[in-house]
Each structure stands twice: as C-alpha cells, then as structure tokens.
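Notes for the one structure printed next.
The values are calculated or read from the model by the stated rules, or taken from the named source; none is laboratory data. Quick caveat: nothing in here was measured; it's all calculated off a predicted structure. So basically every Cβ, Gly included, is an ideal-geometry build from the backbone, and we count neighbours across all protein chains shown. The protein model used for the area step is the full one, side chains on, heavy atoms only, and it has no ligands, DNA or RNA in it. Shrake-Rupley method; radii C 1.70, N 1.55, O 1.52, S 1.80 Å.
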Amino acid sequence: MHGSTEPTPLGARARLPLPDRRFEALVFDWDGTAVPDRQADASEVRERIEALCRAGVDVFIVSGTHVGNVDGQLRARPTGPGRLFLCLNRGSEVFRVEDGDPVLVWRHTATPDENAALDRAAARAVEELARHGLEARIVSERLNRRKIDIIPLPEWDDPPKARIDELLDAVMKRVHRSGFTGIADVVSLVMETARAAEVSDPRVTSDVKHVEIGLTDKSDSAKWALDELASRGVSSGLVLIAGDEFGPIGGATGSDSLMLVPEAARATVCSVGVEPNGVPEGVQHLGGGPALFNALLDDQLARRRDGRAPDIDPDPAWTLTLGKKEPWFRRVNESLLTISDGRFGTRGAREEDGDGTDPLLLASGVFERTDDTWVLLAGPLWSNLLVHQEPQTPDVFTLDMATGLVLRERGDGEHRLRTARFASATCAGVMALRAEGHPDEVATGPTLEPPIAHDGLEQGKDGRIAWARTISNLGGGITVAAVTAEKLTDDRRVIERLCGATANPHHVPEPSAAIEIVERARAVGFDRLLADHRAEWATRWRNAAISIDGDPDTEKAVRFALFHLIQATPSEDEASIGARGVSGPAYGGHVFWDTDVFVLPVLAATRPEAARAMLEYRIRRLPAAREAAKRRRLQGARFPWESADDGHDVTPRFARTPEGIVPIRTGTSEEHIVADVAWAAVHYARWTGDDEFLRGPGRALVIDTARYWASKMRFDNRGRAHIYGVIGPDEYHEIVDDNAFTNVMARWNLRQAAQLTEHDGSPADAEYWRGIAHALVDGYDERSKIYEQFSGFRKLEPLIIAEMADRPVAADVLLGRRRVADSQVIKQADVLMLHHLVPEEVAPDSLAANVDFYEPRTAHGSSLSPAIHAALLARTGETERALELLRLACRLDLADLTGTTASGLHMATLGGIWQAIVFGFLGMRTLEGGGFSIDAHLPAAWKALEVNMRIQGRHVRVRAQDDAIEIVTDQPIDVSVAGGPNEHVVGSVSFDRRANGWKRVST
Amino acid sequence: MKKKMIFAGIDNSGSARAVLQTALALAPLLDATVEAIHVREDGTSTAEEIAKEMNIPLRIVETKPLQDLVNELDDPDAILAVVGARDKPNDPRIAGHVAVTIAERSSKPVVVVPPTSTVRAPIRKVLIPLDGSQSTAAAAKRVSRTFASSGVEVVALHVFDAASTPLFLDRPDYDLDAWTREFLARYSAEPGSRLELRSGRPGNNVVTTAEEEGVDMIALAWRQDLSPGRASVVREVLARAIVPVLLIPVKEGLLRSLIRPGIIRAHRH
C-alpha cells in the first residue's frame, strides 16, 4: 500500500503528475469519480466524454447502479467514432450509448437456481448478522445480486459520497458493538453464508452502508471492457482506469480495486478519491475528486487536439525494443523494424539523414533491370524529417508487434523526440507518421525524397499534397503522394504525415492515383486509421497468436516471425514474396521455393487469402513455365528456380566467391521447384479446405508440373525411371542423378495429378502417371531405412561435419567447394525435407534413421536448415536439440547471425520457425478427408504451447502440455491425437496422456 | 606551419635505397617531407651516398639508443617511419632488430620495406586486410581515407579462416554481395571501396592477393606484439611480401572499448 496523503489541492493542478501518455480508452467509476454523487449535475463530464468520443477515444463507465440512474444523470449522446459503454449493475450489464436510448449489448442473467441460491444466502446472512446482534435488512433484489443494508437507520437512508467518513464512523460503531472487528469481518461472514447457500463463485462487497452478495461485480465490468478493447487491438497499456475507492475502507477491499483484473495488467490506474487508507501498489493517488478527473479528461482531449504521437502498450511479450546498440547494428534494426501493408515495405530507418542508415521503400513485385539481373525498384522516401539533435543521443526504437506500430524515442525532458509510424492494415497503400519534439530540434523538411540508390525522381505538388515517383526501366513505377501537417506551440512541434503509395510493374501510376489515396486517408484521419489498423491486427492475431509458457524469448521471436510474415503479404490479386520480402534489397525480390514451401504454410493457417494470392502469382506465370518446358523440348510447365516479374528464370549464372568466379547452376538444374509449386497448391487446398481451388485455377499447377516430370524422367532397360543431372536442396552437390528429394517429390507430384484427373474423368492419364511414378527410383534401402541422397552419395568421403566444426557453418567456405562436393557434408535438409513435406510419401518409420544419418552430416550452412531440423527432431522426440535449433533460427535475424540481415529479413527462416512449432513440436498435419492429426512433443522448458490458426474454414486453438491437449474450435472438426482414432471435436475438447495413450476427457 | 615528416631509417645495406624510395613515394600522398636517419654503427658511407644520390637530407646520429629514435616519432610532426626489414634477402628473420623494435614501440605507423622490395612510385594501389574487428577497422580507417583522398585505389581484403567462417551462406552470389556491402559499411571508411574475399590462411592470402592485385603496398593494422604465438599474419606478410608493408598500431584503449562485431563466428553465444 502507498501511504495515504492529503488529497492534492486543485489549485496545484497544473503541477499534478498527470499520466504523460495518450490513452486510447478510459474505464472509470461513476459515482465519486466522474460525479460527486448521483444527484450532481453531470454536464461538465458529459461534454468531455462526448468530445473524447468525437476524438476517437472509447469510454467505459463502470457503476454498480442501473442504467436509468447513470444514463439519466449523464445524458451523453456521443456521435463517435469513439464508443461509449455503460458497464452497470455490478458487472451484470453493458449498454452501448449512441444517439438514442442506451442499447443493451451484454447481460449476465442468473439462472433460477442461481437466484434461489442468492435468496438463500441473503436471508441466511441477515439471520447470522442478527445472531451477532447486528440488525440488517435486505433492501432490494437486483439483477444477479442481493443487497443487505447494515445500517438501516433513517438518518443514513441515502448518504452522499461526501459524508463517507461520517458514515464509516457510524457503521464501525455498529459492527464493533456486535463483536465484529470491522466491515471486512462482516463481509467474511456473509461470504461464508453465500458459499454455504451454494452460490457459485459469490462476489461479496461492501460500500460501507451495504454488503452485497452477487454473481458479478465491477471486475466483470472491467473484464468486459478490457476484452472488448483487446478485440480492437487496444490492450491494457493503452487504457486509463480511474476510480475513487481503490484502497480499503473499514477493512474491506475498496470497490474500485475490483477493476484491477489480470486483463488490466499494464493499465495506468489513478484514484481521484480521498483514499484514507492509501491505495494498492500500482495505483497513482491523485485525489481531487471529480474536478481532477475532469482535468484528466481535459489533458487527454488536449493530446488529441494537438495531434500528439500515439503510444504503444509496452508489453514485453509483444514489443521488440531496439536501442543502445552498436552503430553498425542500425541497418540491421532497420530491417527488423520494417513496416508493410502487404505491398509496400518501409524500412525502419530513422527519419533524418545520417551515416549508417539505409532508408528504403520497396513495392512487392515491381522490378527494374540492372546490368545482369532484376532487382526491386526503390520508391520515393516518405518518412524523412529534419532532426537537429546531437548525433550521439541514443535512439530507442520499439516495434509493437501486436499492433504493427513503430515508435522511436530519443532524448528526454524538453528535448524528448518521439515518432510513431505504421503502414495501414486496412487502407492499401497508406502509411502514416507522427512526430513531436522541441521546435528547434524537429522540422518537416521536404515531404518526399529520392531513394538513395536511384537516379531520377519525378515530383510535383497538387495543392498541399506532394507527389513523387520512381520509374523502372522495365516500364513500371512507384508513385507516392504525401501531405504534411504541423502544429507548433512554444515548447513542441507536432508533425503529421499521411502518405499514399501505388505501384505497378508494367506502367507508371499517375500522381492522381496516389493523391487519391492520400485524400482518402486524410478524410479518415490519422487517429481513425490507427484505430482501424489496430483492430485489424487484433483480428490477425486471433488467427495466428502463439504463446509459449516458460520460454518468453522464443515466444517473442516466434511472434516476430509471424508479424513479418503476416504483414508482408497482400490478401488479394497476386503476391510476389521475395526471399527477403520487402524488408531489404537482397536477392532482388526474386521468388524462390522459399515462398512456396517455407512461407505459404504459415499464411494458409493464418491468412488463407494471402496464401491464395501467393499461388495466384504462380498461376499467372504458368505460360512462362510452359514455355520454359517447351524450350527444353519437354512437356508441361517448368517453373524457374528464381522468378521475378514475367516468370522467366532470372537466376544469375556466375558468382564471385573467395575461390574466384564460380558458376551458379541452380537456374539450370535445381528443378525440384517444379514439384514444390505443386506441393504449395495441394497444401493450401488441404489446409484451408478450399477444394474448388484444385478443381479450378490451381489444377494446372499440379497437372502441368506432373506432365513436366513425366517428360523429364528417363527409363533404363529394367524399366526403372530416373531423373538425371539435377541439384537437390543440398546445393553443395551439383548435377547429381536421382536426387532422392527431387525424385520423390516428382513421384508425389505425379500421384497428386493422378488423383486429380481421376476425379475429373481422365482415368487413362491417372493410370499412366501412377505407373511411371511407381517406376521412379528413390534410393531407399529397406535394411538401413535410409534414403541415399543421390546416386553415388554413399561413395563420397564420409566426413561428419558435426565432428569437424562448430555448426552452423558455411562448409563450402570452410572446406572449399571441391572438398565439400566430394564429401558427405551437406548444406541443409535434403532427404529429410521429404519427411518434412511429404511424410506420407516416404517409408513408414524411416524418419529416425534418416535423421540419425543425415543430421550429423548437415552443416546447417543454409538459413533454411535450423528450423526444419527443429521440426524433424521434435517429431523424433529429440526435443532439447530441436529447441536449440529453433532458437538458432529465431536468432538468425534478431541477432544478425548471417551478417546480411541489414539487407533484409530471411522470410523462409521466419516461415520455418512457424513450421517447427506447428509441424514439429505440435506435430500437426491435415488428415485425408478433412480434419487434422496432432502429436505434440514439447521440450522441458515449455510448460505449455498454445497456437491459434485457421484450418479448413475453422478457427482452432490448440493448447498442448506435456500430459494434456486442449482443442477449441468454432466449428466441428475431426482430430486424431497421437495416431489415435479420429475424434469429432465440437467446441472445446481435452485429451489427457495416460499410460496406454491419449484419452479424451472432456467435451 | 611545420611540415609533416617521414623518418626513413637507413643503414649501410642495399635496402637503404628501397627504404628511401618508399619514403619518397609516400611523401606526396601524405603531404610530407622525408628525412633520412642513419645510426652510426659501421660507418656512414653507403647511407650518405644513397641519400645524396636521392637528394634526401640525412641526419647521422651516434649509436643512439633505439628508444630515442622511437621517441622522435612521438613528435606531432612525425607521421610515419620507414625502415628496412632486414639486410639480406636470405636473412631467416622476418625483420631485423631495429625494424622490429621501432615497429613494436612506435606510436606512429611504420613501413617495413623488404630487402627485395619492388618500390613503385607513385603508389597507386594499396591492399588493406580487415579481420572484421572494429579495432583493426578503426586503425585502418584513417590510413585508408588518407590514401583514397590522394587518389590511391584502396582494396580491402577479408579472409575467412576457421575462426571467421560465416555461420550461414545461402547463396554465394547474393549473400556475399550483401555481406560485402555490410562489411564495407561497417569497417571501411571509404564509400565505394572494393572488398576482396578469400578463404584459408590469412597471412598467405594477404601475400597472394597482394600479388594478384598488383598492389604497391600492404597496410596492416596490428597490436604491436611480435612475441611468440602472436601476430601470425604480420609475421607471414613481412616474411613473404615483395612490397612495403605499412604496419598501423591498433590503439589498445580503442581495442578494449570495442567488441568484435557480430557478423562472424563471434556471434555464437
């Protein structure tokens, strides 16, 4: 408890330590906090509440009384966009107030049994109190509660709040005379009687005059308000909770302390009451009553009016704080802080120019040609400001992954600089920035600037809106428009910039298109854009959030991965997801198998429409893939190893390495990409339940790729089929024959095509494809249960890299390309990738043998390797080594383990992290015919793993512990646990681990 | 304003000419004048003759303790010393006593000139090996900037060895490009510098790269410690290089205050 102090005199209000934050919502007690009593004139607070709602703030009034009392006194009719809720009747009802009468939006209604129990409890309580000599009376029957007056005397019939001290004295004298030590003693007695009367989870409180027995209380009001806010992306750190009775009175818990529910963990809590016995830890005691409460509201209104930069909820589980790092980490941070609306990525560079920054705006799928390759076109820079502060002043950047907001803070006191930016998740192409700082230290400067590495920028103005565009030598372009507004006071300059971007790979968008986006954004306004953006992120996370009890670092890293994967993909049209997304220039935005195999699964399970857009990218490039096959005198479609805009192969032919110029052969020979695309299509359809996709637009992705394999394979004189001269995922070994991964994926591809054609009436094709699929050799040795990675692999020098070097290691650099090629050292999962992608296509029970053989030979020199091995090792039960590799994958970008994160995030690694969690530790797979199987293996450090996802049109939440699994679904779905029979799950179902397997224990 | 000075320490051996040629080649780049110093031990005739021939003022000092010579380099106007590595090409030592002492104790960079050095003037191209540590980068940066501002082509070199092999290398073309860009941004003062990457034994790669690139000088940051087991790269380069080697002292204070960057194996936690 904080000691009680004299209430702060109102005359000193200007010096009051009002919370120095902008809140998105206010939750407060009514009687005694917002108004002195129930008879008081509420016009002043009404005006402020309506003004706050107009400014976009959500307001929740909490009171024990009924709607007639509160609404009759308040009479507010807010017009929005902020919302007003009355959370009344001691937590039993919530009303929404707009322009008409309050509308009931939620009510807890007691069952007849509950009401009977309440009646019993109240009657017994009065009897028990009488037995102690304390006369009490049941004064009314209210919704879900019974109220007992413990001072039923005429002079205390309706005491105003202002006489609370006198009332307390009078009540204490009465209870002492009856042998009670205080009101808390009375409350305890009533609680006992309530429990004896079988009231479920009784809530017993006292406002000094009364003791109430109920089914709900203010905690339910607070919980409802905070849940409602959380569903809009406003978590507790953005909420102000105010009351006047947080501290105990007469030994009983202060009624407003009931609002301090776990959901309010990071809320700012203020008391304006007298609080004679102090306030609980974490509550700021301001005193001053309703007048000071009005000052609090005025302060929040002023912050809105002045356009102050928004705050974030500093929840360590959802925020990534990057600061005080060595200067060379700045560009790495810029990648980590990238924000994207799905099309446009803005790196998290600081707003001002300076050494060591690499600001960049990229548009997904908009390329330009350089001398030897295609790269993403850089767009005009929109976030530049002039900052005049000592360069050494440390910057602290915070990425709020919960709401997609980047906050920058620098300096302190009057020299404090804050900026906040986001890329709207609801308005395509809209980016927004607010900045505030000392007038001498921050200024607007040019609204748009040319990208650093691009010559030529067309620009102009249309009224107050500036526009600029960069033009690709391939005919496309990125056009950006922005408007800057500024408010200046003596001690602060506040800058707001709204930006609209549009891009097209084949023509240069007109300025008017970008200007229109800005106009629309301006009409909505920064605050509303932000509120909608937060709400959309809340929806996204409901379908994607992962929690790991016992491993906060990994949990945060997993959320980081999810954040970037989810934000970097558009949900319509086509999605061209390059190896580094739109977070940096590396890999030129080229699309690899990374996209189909590593990134698509997470999006299929979190944003199915985005996964569909990724497949649309492949569908639209089928003509180019068919042409590529034809050029090779083969049939079907051959997708390129590296793809950019038009679907032709853009793989470089040579590379400079420490060993000199070396040829890059992946473009000509890493052909498993053909089957990988088919795998993505089938995986998407199975996971999302979009059956029409494979019968419709996705069909050719499976059929034409199968045709390619059918024409590519060669038969020997024993009738066995081979695929010669390819590169598998292990790129240390080039141009090999019968690479197991390629062959088995091709076989799988042919069988999938056969299955599809059977359904649509081409049984001859199906039979043929099944036949040749069966003929494909796969290098499997039944005795050892090991697949030979390619023909001749066993004859290579048996180097075990695990015994030679610390891993991960780029073994081709360490040992040289030739040595590695001649040895059994491999770069990443190759054979094992089959067990990961198509476990139904490999020999049963062959996983462990192949993990034992190949993992020690794997250098993990590919950033794709650790996460996939984490998934595989989790499935074999080697959970500790699996966790080690998962953590390595998690740190790959966060700790810049590759030395290249400054050039962009490794999207495939981020996707692999999700796969390690879901396919590995949870052991989830879709079931033939619908539903899913689960076979969880958790490391010792994890107390529980909880994953939210979309699957086959359902929202599913899985919570796994070592000995229990809970599955919650919004629609029925079949589930098989650890190889057990399919269980039909409706709602929530739990399974317990028993000696003889898993047993369903509840529905 | 006093002119910046390059001290060229010469003896009576044949390497005196190469030392003076090197000093003269550096002088215009550093906007400095050259003063030759000869410690009288076994006469002065050769030193005097060569200095006269090359029109360089010669100061002859009487068997002065070496530390006094080192102290002269503390003079703010003294920016560099040039010394011969050893008298004879077949001398098994990497450098003679005088050269080693001055290089180890000097607060200023010291150029060590091999006896068979090919000195080219003007100096057009310099190789600067960087080991990926902030301390050596900081030491090399000023020298690198000075050369570059005089129009000298600066080629940076990083050698991956067992201790510095990258953890990951997805694709040599893309990743080494990105890695190189970031490496230069972190460790090179000069925008647009070129970085050569090699793998293997660093000392060997410095020497062979210098030959491949045809550089006129190698500039190596070092910790001024040639005790056994230390400075293996400097030892090998001094022993085998055929061009002058500029040894740049790493400031220990700086060394302590900077940690090894995270992009190579020091990442491992």
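Structure data summary
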quantity	calculated
Residues located in segment A:363-386, provided they are in a strand (DSSP E or B) and of a type in the set (Ser, Thr, Tyr)	A:SER364
Residue list for segment A:70-88, restricted to those being touching a Leu at 6+ places or on another chain (Cβ under 9 Å), open to solvent by 10 Å² or more (accessible area, probe 1.4 Å) and over 17 Å from A:ALA40 (Cβ atoms)	A:ARG77
A:ALA916 among the aliphatic types (A, V, I, L, M), part of a loop (DSSP other than H, G, I, E, B) and modelled with pLDDT of 95 or more	no
Close pairs (6 angstrom Cβ cut-off, 6 or more residues apart or separate chains): within 11 Å of A:ALA309 (Cβ to Cβ) and aliphatic (A, V, I, L, M) in segment A:409-428, part of a loop (DSSP other than H, G, I, E, B) and open to solvent by 10 Å² or more (accessible area, probe 1.4 Å) anywhere	A:LEU417/A:GLY411
Among residues of segment B:186-199, those that are touching a Phe, Trp or Tyr at 6+ places or on another chain (Cβ under 8 Å) and more than 7 Å from chain A (Cβ to nearest Cβ), counted	1
Segment A:756-800 - residue that is part of a loop (DSSP other than H, G, I, E, B) and of a type in the set (Asp, Glu) and, of those, nearest to the other protein chains (Cβ to nearest Cβ)	A:GLU788
Residues satisfying the stated conditions in segment A:801-828, i.e. free of Cβ contacts under 8 Å to residues at least 60 places away in the same chain, part of a helix (DSSP H, G or I) and either touching a strand residue (DSSP E or B) at 6+ places or on another chain (Cβ under 6 Å) or more than 14 Å from chain B (Cβ to nearest Cβ) (or both)	A:ALA802, A:GLU803
Top-ranked residue of segment A:829-886 - restricted to ones that are among the polar types (S, T, N, Q) and not in a loop (DSSP other than H, G, I, E, B), ranked as nearest to the other protein chains (Cβ to nearest Cβ)	A:SER865
Options A:GLU692, A:GLU659, A:GLU616, A:GLU609: the member that is more than 19 Å from A:ILE577 (Cα to Cα) and more than 14 Å from chain B (Cβ to nearest Cβ)	A:GLU692
Answer residue from segment A:662-675, given it is surrounded by fewer than 24 Cβ atoms within 10 Å (Cβ to Cβ) and of a type outside the set (Val, Ile, Thr) and is farthest from the other protein chains (Cβ to nearest Cβ) among those	A:SER669
Qualifying positions in segment A:49-106 - of a type in the set (Asp, Glu) and touching a strand residue (DSSP E or B) at 6+ places or on another chain (Cβ under 7 Å)	A:ASP58, A:ASP71, A:GLU93
Residue among A:VAL396, A:VAL332 that alone is open to solvent by less than 10 Å² (accessible area, probe 1.4 Å) and within 27 Å of the chain's Cα centre (by Cα)	A:VAL332
Members of segment B:203-222 found to be surrounded by 18 or more Cβ atoms within 10 Å (Cβ to Cβ) and either within 12 Å of chain A (Cβ to nearest Cβ) or part of a loop (DSSP other than H, G, I, E, B) (or both), listed by number	B:ASN205, B:THR209, B:VAL215, B:ASP216
Pick from segment A:891-902, criterion open to solvent by 10 Å² or more (accessible area, probe 1.4 Å) and part of a helix (DSSP H, G or I), ranking: nearest to the other protein chains (Cβ to nearest Cβ)	A:ARG891
Verdict on A:ALA402 being more than 20 Å from A:PRO585 (Cβ to Cβ), open to solvent by less than 30 Å² (accessible area, probe 1.4 Å), of a type in the set (A, V, I, L, M) and assigned to a loop (DSSP other than H, G, I, E, B)	yes
Qualifying position, being open to solvent by less than 20 Å² (accessible area, probe 1.4 Å) and closer than 16 Å to B:VAL250 by Cβ, among B:ALA156, B:ALA140, B:ALA99	B:ALA140
Selection count where residues are more than 7 Å from every other protein chain (Cβ to nearest Cβ), out of contact with any Phe, Trp or Tyr (no Cβ under 9 Å at 6 or more places or on another chain) and of a type in the set (A, V, I, L, M, F, W, C), scope segment B:150-170	5
Any strands (runs of 3 or more DSSP E) falling wholly within segment A:126-209 and containing at least 3 residues that are more than 44 Å from the chain's Cα centre (by Cα) and free of Cβ contacts under 8 Å to residues at least 24 places away in the same chain	A:137-142
Selected residue [within 22 Å of A:TYR732 (Cβ to Cβ), at the interface with chain A (Cβ under 10 Å from one of its Cβ atoms) and open to solvent by 20 Å² or more (accessible area, probe 1.4 Å)] from B:ASP177, B:ASP173	B:ASP177
Within segment A:923-994, strands (runs of 3 or more DSSP E) holding 1 or more residues that are under 29 Å from A:ARG887 (Cβ atoms)	A:932-934, A:944-951, A:954-960, A:964-969, A:973-977, A:988-994
Enumerated strands (runs of 3 or more DSSP E) restricted to segment B:98-175, each holding at least 1 residues that are closer than 15 Å to B:VAL206 by Cα and not aromatic (Phe, Trp, Tyr)	B:125-129, B:153-160
Residue within segment A:676-686 that is open to solvent by less than 10 Å² (accessible area, probe 1.4 Å), among the aliphatic types (A, V, I, L, M) and without any contact (Cβ under 8 Å) to a residue 24 or more places away in the chain present	yes
Some residue of segment A:951-971 being at positive phi and either more than 24 Å from the chain's Cα centre (by Cα) or open to solvent by 10 Å² or more (accessible area, probe 1.4 Å) (or both)	yes
Answer from A:ARG48, A:ARG83 - the residue that is under 28 Å from A:ILE164 (Cα atoms) and either in contact with an Asp or Glu (Cβ under 6 Å, 6 or more places away or on another chain) or modelled with pLDDT of 95 or more (or both)	A:ARG48
Selection status of A:PRO697, within 28 Å of A:PRO570 (Cβ to Cβ), assigned to a loop (DSSP other than H, G, I, E, B), open to solvent by less than 30 Å² (accessible area, probe 1.4 Å) and not charged (D, E, K, R)	no
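Each row is one residue, and each column tells you yes or no for (1) crowded, with 24+ Cβ neighbours inside 10 Å; (2) aromatic (Phe, Trp, Tyr).
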residue	(1), (2)
A:ASP207	no, no
A:LYS223	no, no
A:PHE246	yes, yes
A:ILE249	yes, no
A:ALA265	no, no
A:ASN277	no, no
A:PRO280	no, no
A:LEU286	yes, no
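Matching residues to (1) modelled with pLDDT under 90; (2) over 16 Å from B:LYS141 (Cα atoms):
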| site | (1), (2) |
| --- | --- |
| B:TRP179 | no, yes |
| B:PRO191 | yes, no |
| B:SER227 | yes, yes |
| B:LEU246 | no, no |
| B:ARG268 | yes, yes |
